[in-house]
């Protein structure tokens, strides 16, 4: 050891023992020092680490603390004075630097116990900056981890290898409020469970506390655990526990009450749906995108005389006949490609077959849904055999009655016409009025019978068409002329506002006259006295477009899709509108469609209506 003078420091560099001590100081990142009680001076070995501060005296013999961090300067001064007086402390940490231009380091000064006859105090100054930084980082990491655990939405807990509580977050205590008082570090898992049992916290344990405790402890001993737990207040928890390599247990408590409630609600809903499906009279069949049957309700079993087990896995085409008895995966593929979207949400008629081969008519409505990210199709099938039979009987009855009425009505109308023409001579005024009423009503009844016969022909597919060259201008002119008297009775005028330069096309003139007359008579009937009905025709892009416009009451939007159905009439307070049969427009539509055209209406209440007929030119 040598006093710190440059000369003596250099002289000691050749001392082998000093060299070994210097190397040892480098390995330990420390400076060894001595305080000589007799000479009252500090000595350090030659070759010491010059980057580490060491104790020394100032020019006046007092401890030099000029290189000590201001925060620790007074404490180091007192400690060095104690060392100088022979009563040094064991160890203490502080910050100091080796020279004024160097950064501060965290140092630890340690002293050895001095023997009774020893005249020196010995010790070391060790650089602990790195370990202090590591400790600080570890402390910060632990603080962050504890903060993160505290902010978890789920309950978090750690038990050590002896099953003693290490840490739990606030949420964990909130989940178990009745046993939270027992959750202190060092408390055993068993003690905490017993506290909850005593407070009646676990619904599943009521009446079997000891057995429940034994089962729960056995579950806890497992290295991997996921269970559900019901608490006394009705809440449900999912418990997940894992054992770490050192034998500790890490646990999560997740409140799944809402999930349970939703699951129960879904189960109840599914049970309700199942009950509906089991009791509904229509067959309900669910298929996948390949047309494979996935569900088959009891009504379907009865309708197709096929058990559910036999139907599941079969293709929907096995329930159909003719062109519909093909595997439906091709049709569904075209639907998914956007080519057959019209089938969804529409009601169509098919001929189905039972398992014994008998055929029967059905209505099929198809809807789409998504289950688990996969498309499913639901078919609602209704047996319409009885309805078809009733329709057939009704059509036969109407046809028979109509035909039976038509011949005598023609005779009656003809006879009344002859009487009006004076065949029986002059009649008194009252007789002429009665004759006029009889003649008008016989014509009206004849028109009704003709309409009914036309409807019957259309439904039976027996409506005939005499397609030949037509002049649309002539058709419009004839209809306007024939309705002038009818229009005058309503105080309405009919005006032709435009005709095409080339009016020739192919069609059935009688049937198209029926369409134009129906549209004009409706427009007249729904116009107010003094108003005008406009009719025009244009030829555009290969189409004849015929428009009949009135300025009457208009048709509500929600009724516009219904006016082309049989026997439908728009309600009105005007008694003039009550004379129609509601068949005219329902006859016009199939006639126009038979010509390859379309018929539509544009209307708004109070602004009148415009009926548009488009026919191939």
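Structural remarks
- The calculated 222 nm mean residue ellipticity attributable to helices in the chain amounts to -12500 deg cm²/dmol, summing -39500 (n - 2.57) over DSSP H runs of n ≥ 4 and dividing by all residues.
- Here region 367-417 and region 105-163 have alpha carbon centers that stand 94 Å from each other.
- Sorted ascending by nearby beta carbons within 10 Å, beginning with the fewest, 236, 33 become 236, 33.
- For Cα extents along the principal axes in Å, the value computed from the atomic coordinates appears in the list (1) 83, 80, 52; (2) 172, 66, 47; (3) 77, 60, 47 under label (2).
- Taking 0.36 nm per residue of sequence separation and removing the Cα-Cα distance, the residue 275/residue 502 pair yields an extension gain of 75.2 nm.
- Angle between the chain longest axis and helix 209-221 axis [Cα atoms, degrees, rounded to 10]: 70 degrees
- The chain, relative contact order [Cα under 8 Å, separation at least 6], %: 5 percent
- Quotient of the Cα radius of gyration of region 274-318 and 2.2 N^0.38 Å, N being its number of residues: 1.06.
- Sorted ascending by nearby beta carbons within 10 Å, beginning with the fewest, 237, 423, 277 become 423, 277, 237.
- DSSP bridge pairs, region 446-537: antiparallel proportion in percent, nearest 5: 45 percent
- With eigenvalues of the C-alpha gyration tensor scaled by 5 and rooted, region 373-525, Å: 38, 27, 16
- Volume of the convex hull of region 468-616 (Cα atoms only), normalised per residue: 103 Å³.
- Shape box of region 152-260 [Cα atoms, principal axes, largest first, Å]: 35, 30, 25
- Sorted peptide list for 588-595, 389-396, 361-368, 539-546, criterion being average Cβ within 10 angstrom, highest first: 588-595, 361-368, 539-546, 389-396
- Tilt relative to the chain, helix 73-84 - C-alpha long axis, 0 to 90 degrees, to 10: 30 degrees
- Proxy reagent accessibility, fewest Cβ within 10 Å first, across 304, 360, 189: 360, 189, 304
- Rounded to the nearest 10 degrees, the inclination of helix 257-279 to the longest alpha-carbon principal axis of the chain is 20 degrees.
No value in this document is a laboratory result; all are computed from the given coordinates. Every value quoted in this text rests on a predicted model; they were computed, and no experiment measured them. Glycine also receives a Cβ, built like all others from the backbone with ideal geometry; neighbour counts cover every protein chain displayed.
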